[in-house]
């Protein structure tokens, strides 16, 4: 969650207002406690007063430090400002690695403030995927979540205990790294007669913290059957209490919830987007492949059309491996028109989808859908696999930034910026393209946006290149003009192994990127807070 | 098919540009149309296996099999300065399967660090191939290279339940026109099928293969092995228990690096054992006693040393108990090992009631 402090509660309220009014913020430190700055997954930090289009260029902006940790950072880093660690106030970056390790780093220097190496032994390929031939390690695979009020960080990793694999959630004290009382707990959910089987699933989606419950989404391991999508909830106040479970495909394989953004929430409901799998809700069934789902905080699902959406070509999408769930659904702030409450998402088919949050619409009931990436006749579609970002520029307009893997119609490449406007004929908000890049982005991360209120908006994204030669890029948000590309300066700014399915974060004038360790970018003459 | 064979086939595919490659299990056979359930894309696919389709087998071997004149596909790490260091090879006495495709020069990955090539083997020492434009390419054969030998087999190896790797093109109606089909010979016995028994009349069963609405008639062979799988909670298995592990070891002469570690497919309590592939693909069956569960699973083999057990996701933990023919009843799920009789019916040499597929056998 994006929050500011001191006087955190009032400033959080202020920030909340900012999202909807576009008013200007003063320079206050922020916290990044969850993926994409909040449970709405908007990916917008509206309180960035240091980094502006005017000073983001290779002369004044670049790599500050690279903390090479013990492995890859598959999820987004998180950030707390002004945290008391070892008796002094620090701005702290938190990162969890595929080695099941968690690190707290000094945001100014990258030095380790505390670490919890190998909370449990990570799995090798032969254990996780059944292949002798890879050397990857599987530990923490997602973005943790922080409850600042309780000084708690929740992180999920996979481990072997005896003859079983388990997904285990640890709660660490953000000030010391110590495991908090009552933790860790293994994920052990059931839904009706279906039992959660850790060995079937992968936990890539970011953790969400909603009303004291941590929610964890699960997808498959490369679609190797059998697997079932799940959302599991753990009560942080009573970690040993029975867990909540929702199985997205209790009868047949599939319906993984694998987007890096996990599940989103408007505070009263959870929204999950599923991938491949059977869909039979419209025939009285319980399989929810290729759907946007509204779940209650107890993870109850009504199976009514008002609480799910699936494209009318769901069967084709399923057959073609064009998962709807490439992106987490953004819970948009209220929009003008007769349908003010909207969700926005995108799929591997390359289409963007806008649906009515008040009534998701069942089969084919979208407000708008449009192909942004991936040609119709592509032999294999990898259109949208990143969670978009939202920005309200006040008079400059409201935007969505969608990253895509493959070229799309109308020369869409890399990022398609969409402008949200009221369509006078339907009296509904619709999107249309504002700009696109001139060059593709190879393996884009999820983008984020920073701005100082409605001004100085910048889109940040990592081109992962799926390994070596990843690069951080910054674009002016309303025009798409390139401001910075870290590969321009091969000697000092390059880094490797930026991660897909996640995003960089920006906080208090610094950009933090999960890679092999954490890479920090900022102004070369850093502005004192 | 072994993952590395798949890898090299896909690399080879980059040269030959076949449009479709899939691995899956044969669910039904209707004339020349074989219905497959792909392992990684679990959607039913129809495959036409026509008179020109080559039915191939792969066998892992070592460099001694390589002879001048063989058709070769090879891949590995590439650097401009040092050329291609071969980590895997497919070789055949004559051009079959994707080894038939034209190969020229060394193709490299976009990052320039991996490469593949192919052609006809000119000399083994030094390792030189001649590509299809006559250019000689000297390669460095890595001592830990994985080498597969390809050869043709009879299409009667393609049975319901057989897991196969298919290479071909997809017709507009979605049917894959197979150019080559290779039965997988790893782990399970050829003809292993999972399904539900719908009816029993004497020694004849009516079986519905998984994922289909088909009905097939299966006769129990005279010497059929009948067992029932009883799943066990892994948490009930303790240090000191006598168990049997079935799995893969990398301690064969061609494995590099060699290790006695065993990647388990199943942990079995008692004498019962799943039917498995004959020959090299059947894996290791080791009986002994568990010596540790944490931090690693360790196991002392009867009369041998203590080894580490790698426990993959969804390793089966079960006891197999013998049953009588009268225990085979309609309604049971079952694993059957089938062969085809001359009149087209199926004969089962082994039936395991209540058996569910192990991971990787999803298709």
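Every read-out reported here was derived from the displayed coordinates using simple, explicitly stated rules and does not represent laboratory data. What you see is a predicted model, and the numbers here were worked out from it, not measured in a lab. Here the Cβ positions follow ideal geometry from the backbone for every residue, glycine too, while neighbour counts run over all protein chains shown.
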### Task
Ignore the peptide's own chain and count Cβ atoms of other chains within 10 Å of each Cβ in B:312-321; give me the average, rounded.
5
### Query
If r is the Cβ-Cβ distance from residue A:60 to residue A:421 and R0 is 30 Å, what FRET efficiency results, to the nearest 0.05?
0.30
### Query
Across peptide A:218-224, what mean number of C-beta atoms from other chains lies inside 10 Å of a residue's C-beta?
3
### Summary
Assertion target for A:382, A:322, ordered by fewest C-beta neighbours within 10 angstrom first, is A:382, A:322
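For the ranges B:27-38, A:336-347, A:504-515, what's the packing order if you count other beta-carbon atoms within 10 Å of each residue, average per peptide, and put the highest first? Let's see the in-between values first.
Values: B:27-38: 17.5, A:336-347: 21.3, A:504-515: 25.7.
Ranked by mean Cβ neighbours within 10 Å, highest first: A:504-515, A:336-347, B:27-38.
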### Task
Jot down the radius of gyration and Dmax of chain B, Cα atoms only, both in angstrom.
22.3, 70
#### Entry: Efficiency of FRET from Cβ geometry, residue B:291 and residue B:215, R₀ 45 Å, rounded to 0.05
0.40
### Message
Which of B:294, B:133, B:90 ends up with the largest GNM mean-square fluctuation for chain B, with Cα atoms connected below 10 Å?
### Response
B:294
### Query
Assuming a viscosity of 0.692 mPa s and a temperature of 37 °C, what translational diffusion coefficient in µm² per second does Stokes-Einstein assign to the protein assembly as shown, Rh being the Kirkwood radius over Cα pairs?
113
### Task
For residue A:395 paired with residue B:260, estimate the spin-label separation in nm (one decimal), with each label point 7 Å from Cα along the Cα-to-Cβ line.
7.9
### Query
Taking the alpha-carbon set of the range B:190-363, what are its Rg and Dmax in Å?
17.6, 54
### Summary
Kirkwood calc, the range B:274-327, C-alpha pairs only, radius in angstrom 13.7
### Task
Could you work out how far helix B:3-16 tilts from the main Cα principal axis of chain B, as a 0 to 90 degree angle to the nearest 10?
40
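Evaluate the range B:213-293: find the radius of gyration of its Cα atoms, find its Kirkwood radius, and give the ratio Rg to Rh. Walk me through the numbers on the way to the answer.
Numbers: Rg = 16.3 Å, Rh = 15.3 Å.
Dividing the radius of gyration by the Kirkwood radius yields 1.06.
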### Query
residue B:236 versus residue B:85, label points 7 Å from Cα toward the beta carbon: distance in nm?
5.1
### Query
Averaged over all directions, how much area does the convex hull of the C-alpha atoms of the range A:323-421 cover when projected, in nm²?
6.4
### Query
How large are Rg and Dmax for the range A:334-485 when only the alpha carbon atoms are used, in Å?
15.3, 49
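How high is the FRET efficiency from residue A:359 to residue B:125, r the C-beta distance, R0 51 Å, rounded to 0.05? Mind dumping the intermediate values first?
Details: r = 73 Å, r/R0 = 1.43.
In this case the efficiency is close to 0.10.
Can you tell me the relative contact order of the range B:205-363? Whole percent, Cα pairs under 8 Å, sequence separation 6 or more. Can you show the working numbers first?
Values: 313 pairs, mean separation 46.9, N = 159.
It comes to 30 percent, rounded to a whole number.
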### Summary
Taking Cα pairs closer than 8 Å and at least 6 residues apart, the relative contact order of chain A in percent is 15
### Task
Report the equivalent ellipsoid semi-axes for the range B:98-189 in whole Å, largest first, defined as the square roots of five times the eigenvalues of the gyration tensor built from alpha carbon atoms.
30, 19, 14
#### Entry: Proportion of all alpha-carbon pairs of the range B:3-152 beyond 23 Å (%)
38
### Summary
Mean other chain Cβ within 10 Å across B:228-237 is 2
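Under the √(5λ) rule applied to the eigenvalues of the Cα gyration tensor, what semi-axes describe the equivalent ellipsoid of the range A:435-529? Give them in Å, descending.
Working: eigenvalues 77, 57, 30 Å².
After scaling each eigenvalue by five and taking roots: 20, 17, 12 Å.
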#### Entry: Extension reserve of the residue A:380-residue A:455 stretch, reckoned as 0.36 nm per residue once the Cα distance is removed
23.1 nm
### Query
Taking a ≥ b ≥ c as the square roots of the eigenvalues of the Cα gyration tensor of the range B:142-215, is the shape rounded (a/c under 1.5), prolate (a/b larger than b/c) or oblate?
oblate
### Message
So for each of A:44-52, A:239-247 I average, over its residues, the number of other beta carbons within 10 Å; can you give me the resulting order with the highest mean first?
### Response
A:44-52, A:239-247
### Query
What per residue convex hull volume, in Å³, comes out for the range A:234-338 when only alpha-carbon positions are used?
130
### Task
Please sort B:297-303, A:367-373 by packing, taking for each peptide the average over its residues of neighbouring beta carbons within 10 angstrom, highest first.
A:367-373, B:297-303
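For the range A:114-174, what is the convex hull volume of its Cα atoms per residue in Å³?
On the way: hull volume 5.2 nm³, N = 61.
Per-residue hull volume (Cα only) is 86 Å³.
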### Message
I'd like the distance between the alpha-carbon centres of the range A:91-124 and the range A:135-179, rounded to an integer number of Å.
### Response
11
### Message
Using the basic label-point model (7 angstrom from Cα toward the beta carbon), what is the residue B:135 to residue B:30 distance in nanometres?
### Response
4.8
